[in-house]
1. Just the Cα atoms of region 331-468: what Rg and Dmax do they give in Å?
2. With the calculation restricted to Cα positions, what are the radius of gyration and Dmax of region 30-130 in angstrom?
3. If the cut-off is a Cα-Cα distance under 25 Å, which lysines reach residue 114, setting aside same-chain residues fewer than 8 apart in sequence?
4. Taking the Cβ-Cβ separation of residue 298 and residue 250 as r and a Förster radius of 41 Å, what is the calculated FRET efficiency to the nearest 0.05?
5. Of all the accessible heavy-atom surface of the chain, with the other protein chains kept in place and a 1.4 Å probe, what percent is carbon and sulfur?
6. Tell me which aspartates and glutamates have Cα within less than 15 Å of residue 258's Cα, excluding those fewer than 8 residues away on the same chain?
7. Accessible area per residue for region 199-333 in Å², computed with a 1.4 Å probe and the full protein assembly in place, what is it?
8. Just tell me which aspartates and glutamates come within less than 15 Å, Cα to Cα, of residue 306; anything on the same chain fewer than 8 places away is out.
Amino acid sequence: TDGTEPSHMHYALDENYFRGYEWWLMKEAKKRNPNIILMGLPWSFPGWLGKGFNWPYVSLQLTAYYVMTWIVGAKHYHDLDIDYIGIWNERSFDISYIKVLRRMLNYQGLNQVKIIASDNLWEPISASMLLDPELLKVIDVIGAHYPGTRTMKDARLTKKKLWSSEDFSTLNNDVGAGCLGRILNQNYINGYMTATIAWNLVASYYEQLPYGRCGLMTAQEPWSGHYEVEPPVWVAAHTTQFTQPGWYYLKTVGHLEKGGSYVALTDGLGNLTIIVETMSHKHSMCIRPFLPYFNVSHQFATFLLKGSFSEIPELQVWYTRLGKPSKRFLFKQLDSLWLLDSGGAFTLELQEDELFTLTTLTTGGKGSYPQPPESQPFPQVYTDDFDVDYPFFSEAPNFADQTGVFEYFTNIEDPGEHRFTLRQVLNQRPITWAADAYNTISIIGDYKWSNLTVKCDVYIETPEKGGVFIAGRVNKGGILIRSARGVFFWIFANGTYRVTGDLAGWIIYALGHVDITAKRWYTLTLIIKGRLSSGMLDGKTVWKNIPVSFPKNGWAAIGTHSFEFAQFDNFHVEATS
């Protein structure tokens, strides 16, 4: 969920279940684990659902229909069963909407799809459920975001499953790994949460965007193929390789005397998995919320297996130690523990920042992978003519849409060089989650670029009011996109041009008249070198040597003046630094 993602319904009568990368991602996940659970959660919604308001609950039936079609489309076109559906990420819920959604799902025969709410805080959803028997009945799971391992009394009183339905979001170094190790245990111990969902899975977006490298692993160089399997992956494995959805936590879990915690889970068929963590305060702080100080020190912990578990002859042992690289172990198998002579008792010596998994399962394994290609910067010379007859993905590679949606497009009327283009396809502002810009923009390239030439063919589709831009040194994206600075070269269908120092268009460097109209192709060129910039239209200089002192560097970008159709072709960027 970084930047914008294309909806399956851009417009009221539009349906397309082959946009974006999520369908591909879900199918790839199912190939590796057919039992993996799939959940859907809207962040924002297409603008047409709001009927002029920035609100998804104007027509409850319409929004429920929109969500239901996505679930049906997943099954029909991709044979994917969506297991859980959410309401609206970290925003208001509407009690009537939740009931309407349940009725619509049931009417479509989707009784097995469960509802999770409200993907925000424990309240007011929990109190609302206690006061409303029908609401209590239709919600299957209460999901809270970044709960800091704690829940609330009302949530427990509902007797529903409690999940940390978004957590982690922390730089994936050893501290991020410590954060994940601690919350995977303590979300259950302190807060009775039986699921923890890490945002995000893999950091595959430009690192200087908000929350750079906040994935379990890093793969942010598609041009080189370089990736890094980071420590959070192996911390997660301590839990995920030795448990499954449907296992049960034992009630005999808790904190260790000198800091740290332990949980135990069973499948109810005789298998047992115990996970022990001793993450120190310093090495396990998550990005949020605030973590009160606690102390962890060297200790011995004795465990006693009773009842049917006293018959267990042997436990496999997996070990991680975070901290100094010289002393670091990531998911190492140690000698197994024999319990036959010990009366079901064993003692662990524990230092800080360690993880142990002790389990009856013998299926664990530290996966291996070939040495990834070397890390490389984004190519200094990059061209895309978008000439793809049957694109596998709907979006062009390396472009990262920050507001609006840019898709491959085929001009059936244009047999010439502009038959295949990239088109901005949103015609109204979405019902926003974050502060989207009022312009559309897609960024590309290397954030460190300072001196560069951007060249692109552009086509304004909206007469009189339409406008497009190319840009360099764009310094912000994501939730901060509205305040992006850079050098932006705009042309408008009314025959004017502008050069601005920001996306919003407040900082005006130059403006004037040019011979431009809608529905014709033009070539824009932007040259930025040191403190000066120049611009060309169809190879002729329109403005030159305009001083630009800030920002010093940033991405290249293309975009439109408003939510309007426009096309781009033969994109070319050349950076000298």
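The values are calculated or read from the model by the stated rules, or taken from the named source; none is laboratory data. Since this is a predicted model, take the numbers as computed values, not measurements. Every residue, glycine among them, receives a Cβ derived from its backbone with ideal geometry; neighbour counts consider all protein chains shown. Please note that ligands, DNA and RNA were not included when accessible areas were found on the heavy atoms of the full protein model with its side chains. Shrake-Rupley method; radii C 1.70, N 1.55, O 1.52, S 1.80 Å.
1. 27.2, 87
2. According to the Cα coordinates of region 30-130, Rg and Dmax are 14.0, 43 Å.
3. Within reach: 27, 30, 31, 75, 99, 137, 153, 159, 160, 161.
4. 0.95
5. Summing carbon and sulfur atoms, their accessible area is 55 percent of the total for the chain.
6. In chain and number order, the partners are 277, 349, 352, 353, 354.
7. Dividing the accessible area of region 199-333 by its residue count gives 50 Å².
8. The reachable aspartates and glutamates, counting only those whose Cα sits under 15 Å from residue 306, are 314, 341.
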